[in-house]
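Undergrad: Got a structure for you, questions after.
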Amino acid sequence: MDIQTSLYEGKLIRLGPIDHEKDPEVESRWTHNLAYLRLLGASPARPVSPAQMKKKYEAIEKEVEESKNIFYFTIRCREEGRLLGFARIDWIEWSNGTGNLTMGVGDPQDRGKGYGSDALSLLLRLAFAELNLYRLSVVLGEDNPVALQFFKRFGFMEEVRRRKALHRDGRTWDLLHLGLLADEWRAQIRNDGNES
Amino acid sequence: MNHELLQGKYVRLTAENPEVNASAEARWWQDSEYFRLLDSESPHLWSEKKLKEWFEKGLEKEDPHSFGFSIRTVEGDKVIGFVALFALSWKDGDTLAAIAIGEREYWGKGFGTEAMNLLLGYTFRELNLRRVGLIVFEYNLRAIRSYEKVGFIHEGRIRGAMLREGKRWDWLMMGLLREEWEARQKEVV
């Protein structure tokens, strides 16, 4: 990796800005599948209209501008630019070099095709080689084993188990905090380099 | 059972006017150790005026996802710190708790432990939440001991989440479930 290698271009996807004209319709559609929202976190899942989504995008860009500790990206098909998902690194504490990652691929049909992996590789490089973070956290529910396996594959370690912190469908689940350190990521990149 | 939820033997939990909170916190924040036990961000020394404006903003509308109280001593009726619930999720019955004692002469004497016990009673008996979590820095041994004493269980550590004085420190996360807290109440009685 060098200065010339794009931070945003993967093999299948690219990280891009929000398209305020086209994206609201697409992401609004995703939110009507509450199962998708439940995978993203603990806040109450509810569908979002295109008009509400437009407002959300404006709020996101305002927050990014004012807070200086949030980075927000859309995940798009590398070639034709179709919207696939989003990624967000927030809660950045610059003095400690810490941040929190959330990402999602919206349409179930787009999952399991390598888009998420491609995006996460880029996001880790961005977090550790550009933002110079020391560590990155991910919070997810025990009821999302696919994401747990996904992040573990990239070296994330389970660090905290907040017992019964999630309440859904009349039962409770643990909330898991995962963490990946910059050193661990660097070692992994070196190994990958040696193998290829 | 004691039904005066906010009244303890040594302290009680109160709601104070903005000027009381602002003058106390402006003073406490000038104690760098106080801030470093409480917060992982870089500290600012805010003026009393600025702090008062923030507390006044709180008067305009109630935030359903946080509860804050001042800690007043029974003897001397002095404001010595605060407790708070934040990031409260009603649907999950989960919240995070925070506590700080700003007046140093009250450190290590059980005032904080009693204040936390009052906050827990309020959380489980009035708000009917199902669990309380908290974050504590690994160098804050006094606080860790106090939390263990009121029943919090260690749930894990966020590795190296803080860099201070050239060293990496973990954040410890602890949690207490309603049923664990209830079992302890029976033991005490």
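Undergrad: Classify the range A:61-196 from the C-alpha gyration tensor, please: rounded if a/c falls under 1.5, else prolate or oblate depending on whether a/b exceeds b/c.
TA: It comes out rounded by the Cα gyration axes.
Undergrad: Also, I was wondering about something else. Taking the range B:11-188 on its own, what percent of its Cα-Cα pair distances exceed 23 Å?
TA: 43
Undergrad: I'd like the interface area for chains B and A: accessible area of each alone minus the complex, both sides summed, 1.4 Å probe, protein heavy atoms only. What is it in Å² to the nearest 100?
TA: For B against A, buried area totals roughly 2300 Å².
Undergrad: Taking loop as defined by DSSP and a crowding limit of 15 other beta carbons within 10 Å, which chymotrypsin sites (Phe, Trp or Tyr not before Pro) in the range A:10-100 fit?
TA: The qualifying sites are A:Trp94.
Undergrad: So what are the radius of gyration and Dmax for the Cα set of the protein assembly as shown, in Å?
TA: Rg then Dmax for the protein assembly as shown, in Å: 22.8, 72.
Undergrad: Then there is this: Have a look at the range A:159-176 and report residues whose accessible surface goes down by 30 Å² or more when the remaining protein chains are included, against the chain on its own, probe 1.4 Å, ligands and DNA/RNA excluded.
TA: A:Glu159, A:Val160, A:Arg162, A:Arg163, A:Lys164, A:Ala165, A:His167
Undergrad: Using all C-alpha to C-alpha distances in the range B:33-107, build P(r) with 10 Å bins and read off the rounded percent in each one.
TA: Here the calculated profile for the range B:33-107 is 15, 39, 39, 7.
Undergrad: Normalised by the number of residues in the range A:13-195, what is the relative contact order in percent for Cα pairs under 8 Å and 6+ residues apart?
TA: This gives 17 percent for the range A:13-195.
Undergrad: By how many nm would the segment from B:Asp63 to B:Arg164 grow when fully extended, if each residue of separation counts as 0.36 nm and the alpha-carbon distance is taken off?
TA: Value of the extension gain: 33.1 nm.
Undergrad: Counting only heavy atoms of protein chains, what accessible area per residue, in Å², does the range B:11-188 have with a probe of 1.4 Å?
TA: In whole numbers, the range B:11-188 has 50 Å² accessible per residue.
Undergrad: Using r as the Cβ-Cβ distance of B:Ile153 and A:His32, and R0 as 41 Å, what FRET efficiency do you calculate, to the nearest 0.05?
TA: 0.60
Undergrad: Could you list which residues have their amide H under 5 Å from that of B:Leu6, counting only those 5 or more apart in sequence or on another chain, with H placed in the peptide plane?
TA: It is none; the list stays empty.
Undergrad: Also, quick follow-up: Using a 1.4 Å probe on the heavy atoms of the protein chains only, list every residue of the range B:127-150 that has 50 Å² or more less accessible area in the complete assembly than in its chain alone.
TA: B:Arg130, B:Arg131
Undergrad: Then there's this: Where does the longest stretch of chain A lie that holds no GluC sites (Glu not before Pro) found in a DSSP loop with 11 or fewer other Cβ atoms within 10 Å?
TA: A:81-196
Undergrad: Per residue of chain B, what 222 nm ellipticity follows from adding -39500 (n - 2.57) for every DSSP H run with n ≥ 4, rounded to the nearest 500?
TA: Computed ellipticity for chain B at 222 nm equals -9500 deg cm²/dmol.
Undergrad: Looking only at the range B:103-124, which residues have a backbone nitrogen under 17 Å from a spot 7 Å from the Cα of B:Trp54 in the C-beta direction?
TA: Residues B:103 fall inside that zone.
Undergrad: I've got another one for you. Could you check the simple spin-label distance between A:Ile60 and A:Arg153, using points 7 Å along Cα→Cβ, in nm with one decimal?
TA: 2.4
The values are calculated or read from the model by the stated rules, or taken from the named source; none is laboratory data. Only a predicted model underlies this, so the values are computations on that prediction, with no experimental measurement involved. Ideal geometry is used to build each Cβ from the backbone, glycine not excepted, and the neighbour counts take in all protein chains shown. Surface areas here come from the heavy atoms of the whole protein model, side chains and all, with no ligands, DNA or RNA. Shrake-Rupley method; radii C 1.70, N 1.55, O 1.52, S 1.80 Å.
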